[in-house]
Amino acid sequence: MEELDIMISVNENALRIVEEICKAPKDYGVLVEETDEGARIIDAGIKSKGGLQAGKAITEICLGGLGVVNLTYMNYGDILLPTISVYTDWPVIATLGSQFAGWHIKVNGYSAIASGPARALALKPKSIYKEISYKDQAEAAVIVLEASKIPPSEVIRYISSKCNVDVNALTIIVVPTSSLAGFVQVSGRIVETGIHRLFMLGMKPEAFISAYGFAPIMPVHPDTDEAMGRMNDALLYGGVTSYFVAYDNDEKLQDLVKNAVSSSSKVYGKPFVEIFRDADFDFYKIDPNIFAPASLTVNNVISGKVFTAGAVNVDMLRRSMGL
């Protein structure tokens, strides 16, 4: 059972990874700049090329330094695809407390989806941090923005104020949706996808002990909507997860697992870009049950029972790639 220790700082952990990137930005294919007010900006795909290494490092940063990330490749039917695997022994803090993309930033026309350790300072959203009984108290903040533009100064000041840190103690990593680094770090959210789904179905955060998952890294597409579709398809149709939990009711746990995979959704069976279009490009109109891994396995360490649901859907991965 995970003890949500307030002494763990996801921002301080992530900052160590950031410093390694800044020592050799060319090795990661990123550009590092400092604003007039002293904020550090890491461009991972706007003017820079980004890449696999950047995506891997961003995934580790989003996990607050509490996860191990590896890149490999796997066969999905007759297709060989690069694949990202993630495991963590701090599943709740690493995912719900850091990686979850739970902060939508909209300031003076600038819009970005924010994730990563800075959320644990700004407590975005507060409801999750109340449930997991965690907050960070670091004096520096690291945030990842999924956006196509570098944030202007008013956005930077807004983020620093919400995190209660000085502007010169803020690191902002910007990764566009239609970039290789973007595709890598989204597939790297596979463990978080399953945990969030189980959490929304009612599983208490203290039940999670450890977690593992992997997902394919789909071919990059320059169109933002198509890119978003492929990214989500990697998780919904190709993502595999495994969790070790301590749960006192096997019957209820089995029911949770059955409903925690994407195939439980009424819109399952279409590429995500089609689902998005059918919802008039409004995420709030999409059946939330679709935002789940393709396959999910849970081992209850109290009873020794194992429950599993879902499966990788190779046909849907092929359709997503236009094959």
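Numbers at a glance
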quantity	calculated
Enumeration of residues in the stretch 160-176 that are open to solvent by less than 20 Å² (accessible area, probe 1.4 Å) and assigned to a loop (DSSP other than H, G, I, E, B)	VAL165, PRO176
The listed residue being touching a strand residue (DSSP E or B) at 6+ places or on another chain (Cβ under 8 Å), under 24 Å from ASN164 (Cα atoms) and either open to solvent by less than 10 Å² (accessible area, probe 1.4 Å) or not in a strand (DSSP E or B) (or both), out of ALA120, ALA101	ALA101
VAL312, sole failed condition from (1) open to solvent by 80 Å² or more (accessible area, probe 1.4 Å); (2) closer than 20 Å to LEU81 by Cα; (3) not in a helix (DSSP H, G or I)	(1)
Yes/no for LYS305 being farther than 14 Å from GLY229 by Cβ, touching an Asp or Glu at 6+ places or on another chain (Cβ under 6 Å) and open to solvent by 20 Å² or more (accessible area, probe 1.4 Å)	yes
Condition check for VAL155: farther than 16 Å from GLY102 by Cβ, buried (at least 19 other Cβ atoms within 10 Å of the Cβ) and of a type in the set (Val, Ile, Thr)	yes
Within the stretch 71-81, considering residues that are assigned to a strand (DSSP E or B) and out of contact with any Lys or Arg (no Cβ under 8 Å at 6 or more places or on another chain), the one most open to solvent (accessible area, probe 1.4 Å)	TYR73
Yes/no for TYR129 being without any contact (Cβ under 8 Å) to a residue 60 or more places away in the chain, in contact with a Lys or Arg (Cβ under 7 Å, 6 or more places away or on another chain) and hydroxyl-bearing (Ser, Thr, Tyr)	yes
Hits in the stretch 282-321 - residues which are over 21 Å from the mean Cα position of the chain (by Cα) and of a type in the set (Asp, Glu)	ASP315
Flag if VAL142 is in contact with a helix residue (DSSP H, G or I) (Cβ under 9 Å, 6 or more places away or on another chain), buried (at least 24 other Cβ atoms within 10 Å of the Cβ) and either of a type in the set (Ser, Thr, Tyr) or in a strand (DSSP E or B) (or both)	yes
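The values are calculated or read from the model by the stated rules, or taken from the named source; none is laboratory data. Worth saying up front: this structure is predicted, and the values here are computed from it rather than measured. Glycine gets a Cβ as well: all are built from the backbone with ideal geometry, and neighbour counts include every protein chain shown. Side chains are part of the model used for accessible areas, which takes the heavy atoms of the whole protein and leaves out ligands, DNA and RNA. Shrake-Rupley method; radii C 1.70, N 1.55, O 1.52, S 1.80 Å.
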